[in-house]
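Following: one structure in structure tokens, then a few remarks.
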Amino acid sequence: MFVIIRNVLITFIIIFPLNYINANEYQLNYAINVCKQDSQQFSASGLPIRGYLKFCECYMTNMINSLDEKEQSYQKKYNKPSGKFMKLSKKFRDDCVKVASKSY
């Protein structure tokens with residue numbers, strides 16, 4: 001249903017080389033806003049606006065909460081998300097689409 005959220009993954013690579021400890025409310029809100037403003041992803045999602053906004057909140061919250069020190073080290077070393085993180089991304093995407101679908 002979705003194109004892999006490439007912009008979001010790029011955002012993780014750019015934003016989260018910061019200390020994991022700094023993954024705070026500001027960063028979560030920033031990531032959610034980046035997702036909400038991604039018109040290409042919104043179009044690809046096929047969700048109505050309200051559902052897409054709910055999706056962004058769900059997805060970005062899950063992604064940021066799953067970003068631990070080990071993943072951060074991997075991304076810093078290899079300049080890309082790990083395979084495990086990508087699998088989580090797909091799982092969260094599917095789970096959050098279900099949540100978003102219930103919101104309309």
Region 45-59, residues that are surrounded by 14 or more Cβ atoms within 10 Å (Cβ to Cβ) and small (Gly, Ala, Ser): Ser45, Gly51
Go through region 20-38 and give me each residue that's more than 15 Å from the chain's Cα centre (by Cα) and either surrounded by 12 or more Cβ atoms within 10 Å (Cβ to Cβ) or not in a helix (DSSP H, G or I) (or both). Tyr20
For the list (1) under 17 Å from Ala31 (Cα atoms); (2) touching a Pro at 6+ places or on another chain (Cβ under 9 Å); (3) exposed (fewer than 12 other Cβ atoms within 10 Å of the Cβ), I need the number of the one condition that Asn65 fails. (2)
Just checking, which of Ser89, Ser73 is surrounded by 19 or more Cβ atoms within 10 Å (Cβ to Cβ), assigned to a helix (DSSP H, G or I) and of a type outside the set (Phe, Trp, Tyr)? Ser89
Being free of Cβ contacts under 8 Å to residues at least 24 places away in the same chain and farther than 26 Å from Phe42 by Cα is the filter here, so list the residues in region 52-88 that pass it. Lys70, Glu71, Ser73, Tyr74, Lys77, Tyr78
Positions within region 39-51 being in contact (Cβ under 8 Å) with a residue 40 or more places away in the chain and part of a helix (DSSP H, G or I), in sequence order: Ala44, Ser45, Arg50, Gly51
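Laboratory data are not the source of any read-out in this text; all were calculated from the coordinates shown. Every value quoted in this text rests on a predicted model; they were computed, and no experiment measured them. Note: ideal-geometry Cβ built from the backbone for every residue, glycine included; neighbour counts use all protein chains shown.
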